[in-house]
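The values are calculated or read from the model by the stated rules, or taken from the named source; none is laboratory data. Every value quoted in this text rests on a predicted model; they were computed, and no experiment measured them. Heads up, the Cβs are rebuilt from the backbone with ideal geometry, glycines too, and the neighbour counts pull from every protein chain shown. Just the protein is used for accessible areas: all its heavy atoms, side chains included, with ligands, DNA and RNA removed. Shrake-Rupley method; radii C 1.70, N 1.55, O 1.52, S 1.80 Å.
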Amino acid sequence: MANTHEVAFKLNGKDVQVSVVPRELLIHTLRDRLAHTGPHVGCETSHCGACTVDLDGMSVKSCTVLTVQCDGAELFTVEGLQQAGELHAIQQAFHEEHALQCGYCTPGMLIRAWRLLQETPEPTEQDIRYGLAGNLCRCTGYQNIVKAVQSAARKVADHKVAAQAPSA
Ligand code: FES
Ligand code: FES
């Protein structure tokens with residue numbers, strides 16, 4: 001195809017290579033080319049956080065990143081959170097604390113919460129609310145989501161799981 005670029009990056013620990021036009025957004029590459037449909041498309045204006053992924057150690061909204069910017073990058077999506085087929089502690093906590101209803105916002109919440117716990121292993125409620133401020137939920141309100149992240153932090157402290165990178 002004319003005017004395409006080869007872009008290579010690590011996705012949940014695996015090397016991938018894609019051929020994209022310069023204007024292609026990362027969210028579309030992940031969903032449409034790489035079958036990683038965990039990151040969702042909500043607003044496409046960097047507002048809702050449904051498309052959040054982890055890019056070189058930072059939470060980013062993949063609807064506002066060009067795929068060509070990701071050459072050589074290390075990317076994690078919600079698909080990488082499970083560990084050896086088991087739910088990650090953050091996923092378990094969201095389940096146990098009833099922190100989701102429709103689930104549309106949940107992949108972005110989970111991968112953002114994972115990065116938040118890397119940065120702040122013992123977050124206060126205020127840390128969590130601030131840390132998730134870029135992720136909107138239209139179903140649950142935020143109380144159970146906050147409780148889930150607090151619970152996940154305790155699980156992580158007990159089991160040392162969030163120190164591990166997500167896996168493929
Ligand atoms: S779809 Fe990316 S922030 Fe809403
Ligand atoms: S659980 Fe439905 S948008 Fe958050």
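Computed from Cα atoms, the angle from the helix 143-159 axis to the main principal axis of the chain rounds to 90 degrees. Placing a label point 7 Å from the Cα of T4 along the Cα-to-Cβ direction, the residues of the stretch 66-90 whose backbone N falls under 15 Å from that point are 67-68.
Trypsin sites (Lys or Arg not before Pro) within the stretch 1-106: which are DSSP loop residues with at most 10 other Cβ atoms inside 10 Å?
Values: sites: K10, K14, R23, R31, R33, K61; in loops: R23.
Within the stretch 1-106, the qualifying trypsin sites (Lys or Arg not before Pro) (loop, at most 10 other Cβ atoms within 10 Å) are R23.
For the stretch 54-76, the residues whose backbone nitrogen is under 19 Å from a point 7 Å from the Cα of D32, taken along Cα to Cβ, are 61-71. At the listed q of 0.15 Å⁻¹, the Debye profile of the chain, built from one uniform point per Cα, gives log10 I(q)/I(0) equal to -0.77.
Under a 10 Å cutoff between Cα atoms, tell me which one of Q17, Q126, Q82 has the largest fluctuation in the Gaussian network model of the chain. In the Gaussian network model the winner is Q126.
What does the charge count near K14 come to, summing +1 for each Lys or Arg and -1 for each Asp or Glu among other residues with Cβ under 15 Å from its Cβ?
Working: positive: K10, R33; negative: D15, D54, E74, E79.
So the environment of K14 carries a net charge of -2.
Solvent-accessible area per residue in the stretch 5-80 equals 45 Å², computed with a 1.4 angstrom probe and all protein chains kept. Of G80, G108, G49, the residue with the greatest mean-square motion in the GNM of the chain, using alpha carbon springs below 10 Å, is G80.
Helix 106-119 and the longest principal axis of the C-alpha atoms of the chain enclose an angle of approximately 70°. For the chain, modelled as a GNM whose springs connect Cα atoms under 10 angstrom apart, the maximal fluctuation among A35, A93, A153 occurs at A35.
Around the amide H of A73, modelled in the peptide plane, lie the amide H atoms of K10, all under 5 Å away and 5 or more residues distant in sequence or on another chain.
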